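**Student:** One structure, as C-alpha cells, below. Some questions next.
Derivation of every value follows stated rules applied to the coordinates shown; laboratory data play no part. A quick note: this is a predicted structure, and the numbers were derived from the prediction, not measured. Methodologically, a virtual Cβ is constructed for each residue, glycine included, from the backbone with ideal geometry; neighbour enumeration extends over all protein chains shown.
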Amino acid sequence: MTPEENKQFNEYDFSSFYFGTDDGQFTIIDQFNAWHNEAIRLGYNQFSMPLTSAPLSVVKLIHPDFHTESELINLSSYNYLGIATRKEVIESAKEALDTYGLGASGSPILSGTFQIGVDFAKQLAAFKKKEAAIIFPTGYSTNLGFISAIMRPGDTILLDQFAHASIVDGAILSKAEIVYFKHNNSIDLEKKISKIKGRKLIVVEGVYSMDGDMCPLPSIVEVAKKYDSKILLDEAHSAFIFGEQGRGIAELFGLEDQIDFHMGTFSKSLGGIGGYICGSQEIINYANAYARSRFFSCNIPPAIFAGLSKGLQIAIEEPQLRSKIQNNFTLMKEKLIHYGIENITSQSQIIPVIIGDEDKTFFIAKKLLNEGIFVLPVVYPAVTKNKARLRVSISATLDESQIDFAAHKIASVIHDLK
C-alpha cells in the first residue's frame, strides 16, 4: 500500500456513509461499497474471517490473503472458561437435539417455550440468588428489550459514556431522556443525576468490553441510593468469572442486593447464545409482557438450553476455571509489560493494547496473523478516534507457553514498526 493510497482510504470511515451527500435514494450504498471494496483490495479485510474449528486456544481459519486454512493462537474468542467446547456440554446438547429437534420453532409467548428452558431459567435465578430470570435470544436483544420495556417517555436513563450499543439502542427505543456521564466517574454521575426528577435508571457494565476496566460499583450504588434511582448492571463480560461463586462484580463487591436488575449473557463464559435479566418476580412478569425483542423473536433452541444448563453446572462446580482465567490474564499482562508494552491497565480478561493510529493497528494485526496470532484490530466507531487497538481476549484454555509466545510476538511486531 502506498502512502497516497493509504491517505485517500482513511479520509473516510463508517460515519461518512450514514447520511447521503445528494438526493439519490441509494447513492450512499454505492459509495459505501466502492470504499468497502477498496478496503478489501488494500488489505483491510481482517474482520469476519471464517473459522474452520472450535474456539479453543488454538483456532483454524481461512486466511483472507492466501485463502488457505491457517492455525493460530486464539486471542479473540469470548469462550472465556472453555465451556463452549467441553465434552459434557456438547453431549447434553446432542441428547436434547435428538429429543427436541433443531429449533424452538416459535416465540416464547406462543409455542416456543419448552420445559427445559423453564428449568434453566430457575437454575439461573437460583445461582444469581434472585426470585426469577427472563431469557432473551441474544445479549443485544436483552438490553434492547428490557430497557425499552421498563422505561417510558418522561423517565431518565443515565448511561456511562462507553455504554454498549445494545444499552444505547434500548434507551433510544424507550423514548426516555438519555443523559451520559463520564466513564466510570461517579462524581459526574452525581452532578448529572442531582438535577433530574422523576423515574431514573442508571445503567453500568461490570467489565467494559473495549478497555477491560471494571465499574466502580460501590460509588455508583451510593449515588443511586442517594437520588432514588434503580440500577441495571450489565455483567456480560464479568458474570461467571468474578466473585467467589462466580456471580460477577456485584458479588465481588458484596452489593448483589443493591442491584435492581442483573443482566448477563450466555455467549461468553457459558459458550452458548442468549441473554438474561434476573430480579424480582414482579419485574420479570412485567418484562415478559412488554419486552418486544423477546416477545416477537423465536426462543432459544432447546438443545442450546441443554448445553447452557450443563455449562452453568460446570461453572458452579469448577471454581478452578475462574482461578485459571484470572491467572492467565494476570500472566498475559505481566508478559506484555516484560516485553516492553506500556500502559497495560486492564482489570480483566480483556486486555487492550493501544496503538492509536488505525493504519498501524491494521498493519500490526495482519503481521500477527501471519505470525500465528489471531488478535483483531478495533477501530472507530467501536472506540474513539486515535484510540485504535488490539483487543486481547484471554481464556482459561491458554497455557503458559502460548501466552508467552503471543506476548513476545505482539511486542516484537509493535517495536519493529517504530
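**Student:** Let me know the charge dipole size of the chain about its Cα centre in debye, to the nearest 20, where only the beta-carbon of Lys, Arg (+1) and Asp, Glu (-1) is charged.
**Tutor:** Roughly 860 debye, rounded to the nearest 20.
**Student:** Just add up the charged neighbours of V207: K/R +1, D/E -1, any other residue whose Cβ is under 11 Å from the Cβ of V207.
**Tutor:** After counting each charged neighbour, the total is -4.
**Student:** Using a Gaussian network model of the chain whose springs link C-alpha atoms within less than 10 Å, name the residue from S323, S238, S148 with the highest mean-square fluctuation.
**Tutor:** It is S323.
**Student:** Would you calculate the separation in nanometres between label points at A382 and S412, each defined as 7 Å from the Cα along the Cα-to-beta-carbon direction?
**Tutor:** Between A382 and S412, the simple spin-label model gives 2.5 nm.
**Student:** Give the cross-link partners of K175 among the lysines, using a straight C-alpha distance below 29 Å as the criterion and excluding same-chain residues fewer than 8 apart.
**Tutor:** Partners within reach: K130, K191, K192, K195, K197, K200, K225, K226, K230, K385.
**Student:** How much length, in nm to one decimal, is gained on full extension between Q320 and Q25, taken as 0.36 nm per residue of separation minus their Cα-Cα distance?
**Tutor:** Between Q320 and Q25, full extension yields an extra 100.6 nm.
**Student:** Estimate the FRET efficiency between K87 and H36 by the formula 1/(1 + (r/R0)^6), using the beta-carbon distance for r and 41 Å for R0, to the nearest 0.05.
**Tutor:** Efficiency, from the Cβ-Cβ distance: 0.50.
**Student:** Dipole of region 84-317 (Lys/Arg Cβ +1, Asp/Glu Cβ -1, origin at the Cα centre): which of F127, V204, L270 lies farthest to the positive side?
**Tutor:** V204
**Student:** So, one more: Determine which lysines satisfy two conditions relative to K335: a Cα distance under 21 Å, and not lying fewer than 8 residues away in the same chain.
**Tutor:** Straight-line reach from K335, under 21 Å: K324, K367, K409, K418.
**Student:** Could you pull out every residue, at least 5 positions away or on a different chain, whose amide H is within less than 5 Å of the one on S267? Hs are placed 1.01 Å off N in the peptide plane, and Pro or chain starts have none.
**Tutor:** Placed amide hydrogens put G272, G274 under 5 Å from S267.
**Student:** Take the chain, connect every pair of alpha-carbon atoms lying under 10 Å apart with a spring to form a Gaussian network, then pick out the residue of R152, R247, R294 with the largest mean-square fluctuation.
**Tutor:** R152
**Student:** Between S48, S194, S166, find the one with the highest GNM mean-square fluctuation for the chain; connect C-alpha pairs within less than 10 Å.
**Tutor:** Per the Cα network of the chain with a 10 Å cutoff, S48 tops the list.
**Student:** Right, another one. Could you work out the helix-only [θ] at 222 nm for the chain, with each DSSP H run of four or more residues adding -39,500 (n - 2.57) and the total divided by the number of residues, to the nearest 500 deg cm²/dmol?
**Tutor:** -13000 deg cm²/dmol
**Student:** Specify which residue in the list L331, Y100, A406 is farthest towards the positive end of the charge dipole of the chain, using unit charges on the beta carbon of Lys, Arg (+1) and Asp, Glu (-1), about the Cα centre.
**Tutor:** Y100
**Student:** Determine, for each peptide in 398-406, 73-81, the mean count of other beta carbons within 10 angstrom over its residues, then list the peptides with the highest first.
**Tutor:** Ranking the peptides 398-406, 73-81 by packing returns 73-81, 398-406.
**Student:** Can you list the aspartates and glutamates whose alpha carbon sits under 19 Å from that of K310, skipping same-chain ones fewer than 8 residues off?
**Tutor:** Of all the aspartates and glutamates, those that pass the test against K310 - Cα under 19 Å, at least 8 places apart if same chain - are E88, E91, E95, D98, D119, E318.
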